[in-house]
Structures are given as C-alpha cells and as structure tokens.
Amino acid sequence: MQKYSIFSLVKNAFSNHKNWDLAWKDPTPKKEYDVVIIGGGGHGLATAYYLAKEHNITNVAIIEKGWIGGGNVGRNTTIIRSNYMHDDNALFSEFGMDLWRRMSQDLNYNVMFSPRGIINLAHSDAQMNVYARRGNSMRLNGIDAELLNREQVREIIPMADFSENVRFPIFGGLMQPSAGTARHDAVAWGYARQADSMGVDIIQNCEVTGFDISSGKVEGVRTSRGNIKVKKIGLCVAGSTNILADKLNMTLPVETHLLQACVSEPVKPVLDRVVTFGAGHFYISQSDKGEMVMGGDLDGYNSYAQRGNLPTLQHVLTEGIAMMPFLSKLKMLRTWGGIMDMSMDGSPIIDKTHIEGLYLNCGWCYGGFKATPASGWTFAHTIAQDRVHELNAGYNLNRFNTGHLLDEKGLGTKTWIS
Amino acid sequence: MLHIKCPHCGMRSQNEFSYGGDATVKRPELNKEVSDQDWNNFVYNRKSLRGKHLELWQHLSGCRQWIKVERDTATHEIFRTFKANEDNS
C-alpha cells in the first residue's frame, strides 16, 4: 500500500495527481472466508481492521449492500465524546477516546480529529446537580469533566442567549474538554483502506439475501453475488438490523427509527465547541467549512426512509434558536436523514447470539459514530476469541431478560418519555 | 408532513398526533403463568420491519383517542386507519 505523507503528496504533484493507487480494491467474492462482516459502515470496517491488526485474521469479507460511506457513517454529526455516568458506557467510550487520539497515525489517514470540547448546558439548579453527579462519576473513571457556572459558560459561548426573561435560562454546564469532532468520511475511508491493505475483501453492492444455519451453527451466507461458506458472521448493519434478524428468525429489543441532521450555509468561525441544549434535544458544532452542523430528536415513528419530515426539523431548530438566537438569521444548506437502530434502553448490544458463529453489533441509537473504533475493537475481539471482552460485557443481549438494563438516559425508542 | 385520517375527526396533520408503536403487540393475559420470554417479547422485542406496519397513534391535540394506522415504514404511505377497537383484518 502506498503510504500517505508530505513526500508522496509532492511526488504525485509532479504527475498531476493522476497516479495515486486506488484506496481499496473491488474484489469478486470468494467461495469461502474465515469471517464475514455484514455491513460496510464505520463499525463493520473498524471490526475488519481490528480482526486483521489485533487478531491476525485476514481472510475476511465485508459485505455491503450499498457503498462505503453511504450509510450512517456519512450521515452523522461527527461528535466524539465519553461523557457517560455508568461504568459500562464510560469505560467503553473512554477506551474509544484513546483510539480516536491515535487514529490518524494508526490509519495513516488524516481523520481531522478535533478535541474541541463538548458542553452540555444546564437550565435549572436540579440539572446542575445532575451534571455535578455525572461529572464526578466521569472523573472517577478517569474522564475529564468540568462543571461550569453561568459566567464561565458565557465566556466560552457568548453567542448563546444569556438575556433576562428567557424561557430556559442558562445556569451553567458540564464540559468534557477532550471531546470533539472528526471528519466522518475520512474515518470510513481510512479504515477501509487499511483493512483492504491487510487482505480484507470489501465487497460493495452486494446484498445479503439469507443465511445457511444448520443445527444451530452458521454454515454460510447467501448474497446477491453468490453463496459464501463461512463459520463466523458479524452483523453490523445499524438500521437494517431488524431486517436481517427477521431472516434469522430472531426478534430483537431494537426498533428502526429516523434521525435527521442539517447544516446551515457556511459562516465565519463563531463556535469552537460542541454545545448541547439541556432543556430539549439539540446539538450543534461548526464544521471546518464554516457550516453549523445541527441535529436533535428522532422523527418519532418506525421508519426506514432515509429522509425526514419537516415537523421534527422545525421542532429541533426551534430549540436551537432558543439556545442561540443568531441561528434564525442563517439559511439552511442541507438536511438529511439516517435510520437508527434504537435499542430499548438506549445502550448498544455487542454480543454472541444463540446461533453459534453469529455475532451481533447493534442498538447504537444516537451515538454510533463516536463508538466506531471501540465498537470495532471489542467486536473483533468477541468474534476472534468467541467471547466478549470486559469492555463490552455490559452490552450483552441478555440484559433485557434479566432486567440489568443499561439505562444511561433510559430513553430508547420512546423519545416522548423525556 | 404525514396526513393521518383520524377515524373520529377526519384528515389531520401529523403535528396533532403522538406515536404509540407497534399495534400488534399483545399484553400477556393476567392471572396466568407468564414466562420471562413472554414478558420480554411484550416489553422489549419488536419486529420493526420494512414495509407495511400496523401501529398505534394518539390524536393527542384532537379527540385524544388512540387509533390504529396501517403505514409503510419505507415510503411513509398511509393505507388505512381504524378505531382502536375496530377489526383491522
């Protein structure tokens, strides 16, 4: 594989950048693999990468119905954070933060990781108490957290509404300074390129049509480009989890919902943090191009349409304008939607299943992008060793049976509960 | 914007409604032994398939009645609506 560096950039400049290698190949599926990962999104690509890198398993195929970077890995709002209270979430996410910090070097691909900090705004005394508790829990788990008062928040984001008589006055906020953003496409491409270079077959435009299961064991997978013999399958298909689970006669504690995001026209630098509204569900950051990147609630009903409806967008942006009134002056550049695998307790599932050789990775709700490296790393471990790692032990499927829910926010699919 | 025909009030916009999820889920019968798996299926597990989906909506800002809506989860097309106690076969 060609190494990307200043020297290769200069060298290729002499030939007008016409001689760069393809970042990854377009192979024809083989008859048999050691592991097949279904879903070529961020998590699937990362899983294949860590299977090769950490476990030396390279006879791997990634099967993707669409194209690399066309799903949620290219549709999110690029936020990376580990500001969780519960140990299972906090330790998993913080492990991921370490991977994020090294990612550009590890992948030899600039993912533009920008640890600019995230601020969750508080709008009441009670919310300040909740944030103090969460901040303390984070620090006990070795995650940086700072509780900010109103004046400290005003210094960092003076453009927020600090006027008198607002409906949701800003009392303060909880900041994780090491949180941030990264360029999501680069994450997909970086993982794809490295996985490919280590021998992983990335097979695009290939739909899974069925599974060969015999006496409770995985024997193979049927696809639109032929049948493949395989003993281990990793399911990493986010919003399509229920469709494939149905082919396996499984019913999961997951519903597929629609989540929208949008960007404004690009403006000069105004916001150098990620900020979330505490009296509703709205988050915002400014991209390197200057667009304000915004998102919020689910549309609220089961949906596989990768496009949204106006009422939710209006609701979400109303929250944004309540928080930062200058947003009302901006024109909207783009809006889009993606389909989320919403688990019932709001936390993900990375686990084995009752079918031998079938591994499940789903339920990422609003937080799939930031989990990409940690999810891939732990899922690769779970597949390679046929046992869960302690980092994803809390993300087991059985918790819905035993009642040990991981209810960080306790929302899941029922957004109206909040 | 979805337009949902409330069987009580007629065609109204989505803003007036609140979503209640899969309408085919049945609560296990009371006064009978219910297995953990049955409860699990009732409380958590959902098919959530692509295509035709029978679901509950409440006409929250209207007549406040719960209704059943047959809707396509891929195209958002609404085929039929029913009163909550109406046969939907």
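Tabulated results
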{"read-out": "Evaluation of A:Val237 against (1) under 26 Å from A:His281 (Cα atoms); (2) crowded, with 24+ Cβ neighbours inside 10 Å; (3) out of contact with any helix residue (DSSP H, G or I) (no Cβ under 8 Å at 6 or more places or on another chain) (one fails), failing number", "value": "(3)"}
{"read-out": "Residues satisfying the stated conditions in the stretch B:66-89, i.e. among the hydrophobic types (A, V, I, L, M, F, W, C) and either in a loop (DSSP other than H, G, I, E, B) or within 17 Å of A:Glu255 (Cα to Cα) (or both)", "value": "B:Ala74, B:Ala84"}
{"read-out": "Selected residue (only one of A:Arg116, A:Arg134, A:Arg150 is under 30 Å from A:Tyr4 (Cα atoms) and of a type in the set (Lys, Arg))", "value": "A:Arg116"}
{"read-out": "Candidates A:Arg116, A:Arg102, A:Arg81 - the one that is among the charged types (D, E, K, R) and free of Cβ contacts under 8 Å to residues at least 40 places away in the same chain", "value": "A:Arg102"}
{"read-out": "Scan of the stretch A:334-364 for residues that are modelled with pLDDT of 95 or more, over 15 Å from A:Gly39 (Cα atoms), part of a loop (DSSP other than H, G, I, E, B) and of a type outside the set (Ser, Thr, Tyr), ordered by number", "value": "A:Pro348, A:His354, A:Ile355, A:Gly357"}
{"read-out": "Residue count, the stretch A:131-182 (criterion: acidic (Asp, Glu), more than 25 Å from A:Asn76 (Cα to Cα) and modelled with pLDDT of 95 or more)", "value": "4"}
{"read-out": "Residue that is nearest to the chain's Cα centre (by Cα), among those in the stretch B:1-50 that are surrounded by 13 or more Cβ atoms within 10 Å (Cβ to Cβ), closer than 20 Å to B:Cys63 by Cβ and among the hydroxyl-bearing types (Ser, Thr, Tyr)", "value": "B:Tyr19"}
{"read-out": "The stretch A:201-217: number of residues that are outside any strand (DSSP E or B) and under 30 Å from A:Asp288 (Cβ atoms)", "value": "1"}
{"read-out": "Selected residue [among the hydrophobic types (A, V, I, L, M, F, W, C), touching a Ser or Thr at 6+ places or on another chain (Cβ under 9 Å) and assigned to a strand (DSSP E or B)] from A:Leu174, A:Leu121, A:Leu99, A:Leu147", "value": "A:Leu121"}
{"read-out": "Whichever residue in the stretch A:400-416 is more than 10 Å from chain B (Cβ to nearest Cβ) and modelled with pLDDT of 90 or more and, among such residues, is surrounded by the most Cβ atoms within 10 Å (Cβ to Cβ)", "value": "A:Leu406"}
{"read-out": "Residue in the stretch B:66-89 that is more than 14 Å from every other protein chain (Cβ to nearest Cβ), of a type in the set (Ser, Thr, Tyr) and either touching a helix residue (DSSP H, G or I) at 6+ places or on another chain (Cβ under 9 Å) or closer than 23 Å to A:Asp246 by Cβ (or both) present", "value": "yes"}
{"read-out": "Matching residues in the stretch A:151-174 - criterion: being in contact (Cβ under 8 Å) with a residue 60 or more places away in the chain and touching a Gly at 6+ places or on another chain (Cβ under 7 Å)", "value": "A:Leu174"}
{"read-out": "From the options A:Ile68, A:Ile57, A:Ile62, residue that is among the β-branched types (Val, Ile, Thr) and outside any loop (DSSP other than H, G, I, E, B)", "value": "A:Ile62"}
{"read-out": "Residue pairs meeting the criteria (Cβ under 8 Å; at least 6 apart or on separate chains; first more than 13 Å from chain A (Cβ to nearest Cβ), in the stretch B:1-22; second among the β-branched types (Val, Ile, Thr))", "value": "B:Lys5/B:Ile78; B:Lys5/B:Thr81; B:Cys6/B:Ile67; B:Cys6/B:Thr81; B:Pro7/B:Ile67; B:Pro7/B:Thr81; B:His8/B:Ile67; B:Met11/B:Ile4"}
{"read-out": "Unique residue being at pLDDT 95 or above, touching a helix residue (DSSP H, G or I) at 6+ places or on another chain (Cβ under 8 Å), surrounded by fewer than 22 Cβ atoms within 10 Å (Cβ to Cβ) and β-branched (Val, Ile, Thr) when the list is A:Thr223, A:Thr256, A:Thr251", "value": "A:Thr251"}
{"read-out": "Counted residues, the stretch A:19-54 - those being touching a helix residue (DSSP H, G or I) at 6+ places or on another chain (Cβ under 8 Å) and in a loop (DSSP other than H, G, I, E, B)", "value": "8"}
{"read-out": "The stretch B:23-65: number of residues that are outside any loop (DSSP other than H, G, I, E, B), within 8 Å of chain A (Cβ to nearest Cβ) and more than 21 Å from B:Phe82 (Cβ to Cβ)", "value": "5"}
{"read-out": "Subset of the stretch A:245-262 that is free of Cβ contacts under 8 Å to residues at least 40 places away in the same chain and facing chain B (nearest Cβ under 7 Å) - its residue that is nearest to A:Gln306 (Cα to Cα)", "value": "A:Asp246"}
{"read-out": "A:Asp106 being surrounded by fewer than 20 Cβ atoms within 10 Å (Cβ to Cβ), assigned to a helix (DSSP H, G or I) and among the acidic types (Asp, Glu)", "value": "yes"}
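Okay, residues lined up against (1) without any contact (Cβ under 8 Å) to a residue 40 or more places away in the chain; (2) surrounded by fewer than 24 Cβ atoms within 10 Å (Cβ to Cβ); (3) within 16 Å of A:Leu405 (Cβ to Cβ); (4) more than 14 Å from the chain's Cα centre (by Cα):
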| residue | (1), (2), (3), (4) |
| --- | --- |
| A:Thr335 | no, yes, no, yes |
| A:Met340 | no, no, no, no |
| A:Gly346 | no, yes, yes, no |
| A:Ile355 | no, yes, no, yes |
| A:Gly363 | no, no, yes, no |
| A:Gly368 | no, no, no, no |
| A:Pro373 | no, no, no, no |
| A:Thr378 | no, no, no, yes |
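The values are calculated or read from the model by the stated rules, or taken from the named source; none is laboratory data. Only a predicted model underlies this, so the values are computations on that prediction, with no experimental measurement involved. So basically every Cβ, Gly included, is an ideal-geometry build from the backbone, and we count neighbours across all protein chains shown.
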